[in-house]
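The values are calculated or read from the model by the stated rules, or taken from the named source; none is laboratory data. Keep in mind that what you see is a predicted model, and the values were worked out from it rather than measured. Quick reminder, even Gly has a Cβ in these numbers, built from the backbone with ideal geometry, and neighbours come from all protein chains shown. Please note that ligands, DNA and RNA were not included when accessible areas were found on the heavy atoms of the full protein model with its side chains. Shrake-Rupley method; radii C 1.70, N 1.55, O 1.52, S 1.80 Å.
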Amino acid sequence: MEFDSKQGFFESMLQEHGRPLVFAGPCSAETEAQVMQTAEALLPLNVQLFRAGIWKPRTRPGSFEGVGSKGLAWLGRVKRELGLRVTTEVATARHVEEALRQEIDVLWIGARTTVNPFAVQEIADALQGARVPVMVKNPVNPDLALWIGALERVYNAGITDVAAIHRGFSSYQKTKYRNMPLWQIPIELKAEFQGLTMIVDPSHIGGKRELIFPISQKALDLGFDGLMIETHPTPDLALSDAAQQVTPAALETILAKLQVRKVNYDDAELVNRAEKLRLQIDAADHHIIAALARRMALVEQIGEYKKQNNVQVLQLERWKEIFKTRAEWATEAGVNAAFIEELYKLIHVESIRKQTQVMNKE
Ligand code: PEP
Ligand code: MN
């Protein structure tokens, strides 16, 4: 399947406004006044889509679960009176029907819904025959197939205007992020479906407003098309996600600081210099692979030796020493020690596999 959005809604917004598209607005619509005040403050900024959650999926019951259907009318006012396009999250067929009735411009499927194919299919069925663009957030768990599956269900319902939103993945360990970015997953999605518009949500990835700028810059450096940033007139008083929202003024500062880089080199001299560097990188990679081949040949020899002497393959002390010394050598050479440790874990697995093969050869 091709998510070819060339003629579509997101592509024409990109053509009109350039990168990044900016989608902003509060995590939740709380009151009509808060919605109107936020939207008015965003009007002078270059914002293409006003977001606000009406039905809020909350991890624990008892927290603010959104104002419900009445918030749709507030979004309707933003659209009619301020001329901003509006978007909200839908999680059930009823949400879709109500949002379509209120002529919400764009819908999005949240991370907790994307994980559930039944729920996504129910939404897709309710979307049949509609002409509304739909954005699909990644599932909370790092499962690319589930994300693609949700996009396909929406697409198969006749919605060709689809976009993906990367909002990070939850993990059991505490990290500096609320949801780990794991950039390789959205990059794989982009590689598979090149026409797909890719948005990043730095608010939900970071969980803290200080992280919004660095995550947004990273998203632009990686070639993502747009940003969805939670914006509230008084973030600390927000009824949901207070720590990760910024004021419209802070959003303006963040947007002004962002460096938008070119997709490609546009000058022959630059292309030439990049080409020379690429050739040198190719040569360096040949050396790395040749060194690995040499290493694996030696590993095979030591495997033979262990076999002759009936010694087991795994020698833990030796491996501990390898991890330690290689990390030290890396630091001395100015290479990130954590990266070398990860690399040696892979090398270890392969070395064990090779030796086990030698051991069990007749
Ligand atoms: C949101 O955008 O407010 C939201 C609930 O996001 P997510 O589905 O990414 O948690
Ligand atoms: Mn939120």
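Listed conditions (1) within 25 Å of T247 (Cβ to Cβ); (2) exposed (fewer than 14 other Cβ atoms within 10 Å of the Cβ) are all met by R101, apart from (1). Filtering K307, K320, K354 for residues that are exposed (fewer than 12 other Cβ atoms within 10 Å of the Cβ), outside any loop (DSSP other than H, G, I, E, B), of a type in the set (K, R) and not assigned by TED's automatic domain parsing to the domain that holds K218 leaves a single hit, K320. Just checking, does the range 50-58 include any residue being open to solvent by 60 Å² or more (accessible area, probe 1.4 Å), charged (D, E, K, R) and away from ligand 2 (no atom under 16 Å from the Cβ)? Within the range 50-58 (the criterion being open to solvent by 60 Å² or more (accessible area, probe 1.4 Å), charged (D, E, K, R) and away from ligand 2 (no atom under 16 Å from the Cβ)), the answer is no, since none of the residues qualifies.
Restricting the first member to the range 200-220 and to residues that are more than 16 Å from ligand 1 (Cβ to nearest atom), and the second to residues that are open to solvent by 10 Å² or more (accessible area, probe 1.4 Å) and in a helix (DSSP H, G or I), the beta-carbon pairs closer than 6 Å and six or more apart or on different chains are F213/I254. Taking the range 232-253 as the search range and keeping residues that are within 17 Å of I215 (Cβ to Cβ) and not acidic (D, E), which one is most open to solvent (accessible area, probe 1.4 Å)? Among residues in the range 232-253 that are within 17 Å of I215 (Cβ to Cβ) and not acidic (D, E), the one most open to solvent (accessible area, probe 1.4 Å) is T253.
Looking only at residues of the range 331-341 that are hydrophobic (A, V, I, L, M, F, W, C) and out of contact with any Asp or Glu (no Cβ under 8 Å at 6 or more places or on another chain), we find that the one that is least open to solvent (accessible area, probe 1.4 Å) is I340. Could you list all residues from the range 151-189 that are in contact (Cβ under 8 Å) with a residue 24 or more places away in the chain and among the basic types (K, R)? Of everything in the range 151-189, those that are in contact (Cβ under 8 Å) with a residue 24 or more places away in the chain and among the basic types (K, R) turn out to be R153, R167, K176, R178.
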